[in-house]
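Here's the structure we're looking at; comments come further down.
The values are calculated or read from the model by the stated rules, or taken from the named source; none is laboratory data. Remember, predicted model here, so these are calculated numbers, not experimental data. Positions of Cβ are generated from backbone atoms using ideal geometry, with glycine treated the same way; all protein chains shown enter the neighbour counts.
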Amino acid sequence: VARLSHNNVVRVIAASACSPTSQDSLGTIIMEYVGNSTLHHVIYGTRSMITKRKDNELGCGYEPLSIAQSLSYSCDIVAGLVFLHSQLIVHLD
């Protein structure tokens with residue numbers, strides 16, 4: 001997985017599996033740093049310096065993404081998944 005390179009996929013730097021002799025050990029994945037904001041933060045305007053928190057007309061506490069922003073994020077996600085699937089990797093969450 002560390003060999004994979006795509007603009008829409010976070011790079012894995014290193015990974016280890018849990019030890020088969022110890023059921024208490026956990027695997028570890030070290031990934032590249034991509035900043036302090038997640039897609040959840042962008043969509044809902046939480047804990048992000050990028051999206052201003054602003055009540056909309058319904059008082060929901062956030063301003064929803066525009067159609068253009070939604071399409072852009074969706075296309076980026078699909079491009080990343082298509083690349084992973086082309087490498088016989090399935091994203092599970």
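Filter region 3-28 for residues that are surrounded by 12 or more Cβ atoms within 10 Å (Cβ to Cβ), at pLDDT below 85 and hydrophobic (A, V, I, L, M, F, W, C) and give the result.
Correct list: Ala15, Cys18.
For region 29-79, give me each residue that is assigned to a loop (DSSP other than H, G, I, E, B), at pLDDT 80 or above and either more than 13 Å from the chain's Cα centre (by Cα) or surrounded by 11 or more Cβ atoms within 10 Å (Cβ to Cβ) (or both).
Ser37, Thr38, Leu65, Ser66
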